[in-house]
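Asks: The structure is given below, and queries will be raised subsequently.
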Amino acid sequence: MKISTEIFSEWALNGKDEGMEENHRAAVSEMLSIISNNRSKPFSFIDAGCGNGWVVRLMKKHSLCHLAIGIDGAVEMIKKAKTIDPDGIYFCSDLLKWIPEQKVDLIHSMEVFYYLKHPSELIRHMALNCLKPGGEMIMGVDFYLENKKSHSWPVDLNTHMSLFSEHDWVTMFKTNGFNQVQSFRVNVNNEFPGTLVVRGKLKN
């Protein structure tokens, strides 16, 4: 089986990252609006699994976002992010090992957590080491138990993916320090049950 970060490095080299950006734009735009539009104070932001940095570039345009950071384990994705956005802040690292210099107010992640064998460990790491008390994390996944058409993806891509239900993801947030946990779907249509979104606030 291939390591997911190697697959995404290949995609960065052959331009598939642009398709990922296009496919996820509607869901991500809704997620970003949910966590940022009602804010009245400056905030800092991490995109966990940032790919070519497109979400970081979007958040840099927000009038109240004073710091936007991208982190990804795929070498070529980070190279591309830095090429497109030389002034941006991007790190190439294992998400489970990377710790920011300062904790942030918001963490966003799209289509990342299920590539880990134990995603609960990443949720815990983000809560303990990356997010301020009272901070918020929002995660979107298209690979989940209720989306039956996604179940073949690990075989299709020849890589590990951890399949969990909506209830499972909510429980992982709740057991790793988050409260006010919500789950819902965005970008729903007749052919797609929607991106599963889970959000929660870190306990003070």
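Asks: If amide hydrogens are placed 1.01 Å from N in the peptide plane, which non-local residues have theirs closer than 5 Å to the one on Leu116?
Replies: Counting only residues 5 or more places away or on other chains, the set is Ser162.
Asks: Working from the alpha-carbon coordinates of the stretch 111-160, get Rg over Rh, Rh being the Kirkwood radius.
Replies: 1.06
Asks: Taking neighbour counts of Cβ atoms within 10 Å as a proxy for exposure, in what order, fewest first, do Ser165, Ser152 appear? List each step's numbers first, then the result.
Replies: Working: Ser165 12, Ser152 9.
Least crowded to most crowded, the residues run Ser152, Ser165.
Asks: Say each of His66 and Phe192 gets a label point 7 Å from the Cα, pointing the same way as Cα to Cβ; how far apart are those two points in nm?
Replies: Inter-label distance under the simple model: 3.6 nm.
Asks: Which value in Å does the Kirkwood hydrodynamic radius of the chain take, with 1/r averaged over all unlike C-alpha pairs and then inverted?
Replies: It is 17.0 Å.
Asks: May I ask what percent, to the nearest 5, of DSSP beta bridges between residues of the stretch 75-204 are antiparallel? Each step should come with its number before you reach the end.
Replies: Values: 14 of 20 bridges.
Just about 70 percent of them are antiparallel.
Asks: Going by amide H atoms built from the backbone, whose H comes under 5 Å of the H on Gly194, apart from near neighbours?
Replies: Amide H neighbours of Gly194: Asn189.
Asks: The stretch 147-172 to the stretch 97-123: how many Å between their Cα centroids?
Replies: 17 Å
Asks: Counting pairs of alpha carbon atoms under 8 Å apart in space and at least six apart in sequence, what relative contact order in percent does the stretch 141-201 give?
Replies: Contact order relative to length: 31 percent.
Asks: Could you check the spin-label model distance between His118 and Val155? Points 7 Å from the Cα along Cα→Cβ, value in nm.
Replies: For His118 paired with Val155, the spin-label model returns 2.8 nm.
Asks: What value, in deg cm²/dmol to 500, does the helix sum -39500 (n - 2.57) over DSSP H runs of n ≥ 4 give at 222 nm once divided by the residues of the chain?
Replies: For the chain, the value works out to -10000 deg cm²/dmol.
Asks: Under unit Cβ charges (Lys, Arg +1; Asp, Glu -1), what dipole magnitude, rounded to 20 debye, does the chain have relative to its Cα centre?
Replies: 700 debye
Read-outs: derived from the displayed coordinates by stated rules, not from any lab. Treat the numbers as computed from the prediction; the structure is a model and nothing was measured. Reconstructed Cβ throughout: ideal geometry from the backbone, glycine too, with neighbour counts over all protein chains shown.
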